[in-house]
Amino acid sequence: MDKAVSLGEDVFQRMLAKIDACEIAPGEIINETSLAQEFGVSRGPVREAVRRLQGIQLVTREPYMRARVVTLSPREMIELFQMREAIEGYAARLAARRVSEVELDKLFEDLEAARSSNGGRPAFDLHARLAMASGNTRIIDALCGDLYHLFRLYRRRSGDEGNRRTDAYHEHWQILRAIQMRDEDLAESLMRSHIKRAAAHLSARLEAADGDGAAATTDRPAAGRRQRSPNAADG
């Protein structure tokens, strides 16, 4: 692989990881100079990574303004979760019809491993796994393509509290149990309800944060910002 391409991909992945972990939070300005110094690169690869992040809708840049991590308006967030509810609900229905017993056993195993892990295992993404299990290429492209990281960012924000993580685990387990029973109607209904609850939880959190002034942004790099557990249950 070309060295420049490899460097650019590395910077992109590192910035993606920072956004995913909320080290660069939604609404926060991306300080290209600080990131270049942190990564030990010139600003060129950072600028290219910012352009790629814009392409997958994780970063916005208004004319004559610096780039920021995307912050969805309440309406945009509702629309995002409505889209997820419709598509992921049907993905769960198809998974109940098509997933193999071997795949199901693996899903249950990984769900339990993620619950008991303290960060020693890779993140378990049931939503993406069920999209793949649906066997529908359009659904897979919609949920696992360019919008995947935006979906995941707001899923993780909705699930980033102890009570919600516990609830999300139980909801995930119930969805898998419905799929195991090959109950397509129940699998779709449970997935839709799961996403509705996640949306309601996130809306309440954002309203509370607005009241506390927690949406303020800064030009400084977010050193020391609390990271989310890589195995936190997503909404």
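A quick yes/no check of all residues on (1) out of contact with any His (no Cβ under 9 Å at 6 or more places or on another chain); (2) without any contact (Cβ under 8 Å) to a residue 12 or more places away in the chain; (3) among the hydrophobic types (A, V, I, L, M, F, W, C):
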{"site": "91", "(1), (2), (3)": "no, no, yes"}
{"site": "102", "(1), (2), (3)": "yes, yes, yes"}
{"site": "113", "(1), (2), (3)": "yes, yes, yes"}
{"site": "130", "(1), (2), (3)": "yes, no, yes"}
{"site": "148", "(1), (2), (3)": "yes, no, no"}
{"site": "153", "(1), (2), (3)": "yes, no, yes"}
{"site": "172", "(1), (2), (3)": "no, no, no"}
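Yes/no per residue for (1) out of contact with any Lys or Arg (no Cβ under 8 Å at 6 or more places or on another chain); (2) at positive phi; (3) modelled with pLDDT of 90 or more; (4) of a type in the set (Asp, Glu):
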residue: 109; (1), (2), (3), (4): yes, no, yes, yes
residue: 115; (1), (2), (3), (4): yes, no, no, no
residue: 118; (1), (2), (3), (4): yes, no, no, no
residue: 121; (1), (2), (3), (4): yes, no, no, no
residue: 130; (1), (2), (3), (4): yes, no, yes, no
residue: 135; (1), (2), (3), (4): no, yes, yes, no
residue: 139; (1), (2), (3), (4): yes, no, yes, no
residue: 158; (1), (2), (3), (4): no, no, no, no
residue: 162; (1), (2), (3), (4): yes, no, no, no
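Just one of the listed residues (8, 44) is surrounded by 18 or more Cβ atoms within 10 Å (Cβ to Cβ) and assigned to a helix (DSSP H, G or I), and it is 8.
Being surrounded by 18 or more Cβ atoms within 10 Å (Cβ to Cβ), in the same structural domain as residue 97 (by TED's automatic domain parsing) and at pLDDT 90 or above holds for only one residue in 202, 126, 206, 153, and it is 126. Is it fair to say residue 63 is in contact (Cβ under 8 Å) with a residue 60 or more places away in the chain, out of contact with any Pro (no Cβ under 8 Å at 6 or more places or on another chain) and not in a helix (DSSP H, G or I)? Against the criterion (in contact (Cβ under 8 Å) with a residue 60 or more places away in the chain, out of contact with any Pro (no Cβ under 8 Å at 6 or more places or on another chain) and not in a helix (DSSP H, G or I)), residue 63 does not qualify. Considering the conditions (1) under 20 Å from the mean Cα position of the chain (by Cα); (2) surrounded by 18 or more Cβ atoms within 10 Å (Cβ to Cβ), residue 78 is excluded by exactly one of them, (2).
The values are calculated or read from the model by the stated rules, or taken from the named source; none is laboratory data. Predicted model only: the values in this text are computed from it and were never measured. In this analysis, Cβ positions are derived from the backbone assuming ideal geometry, glycine residues included, and neighbour counts consider all displayed protein chains.
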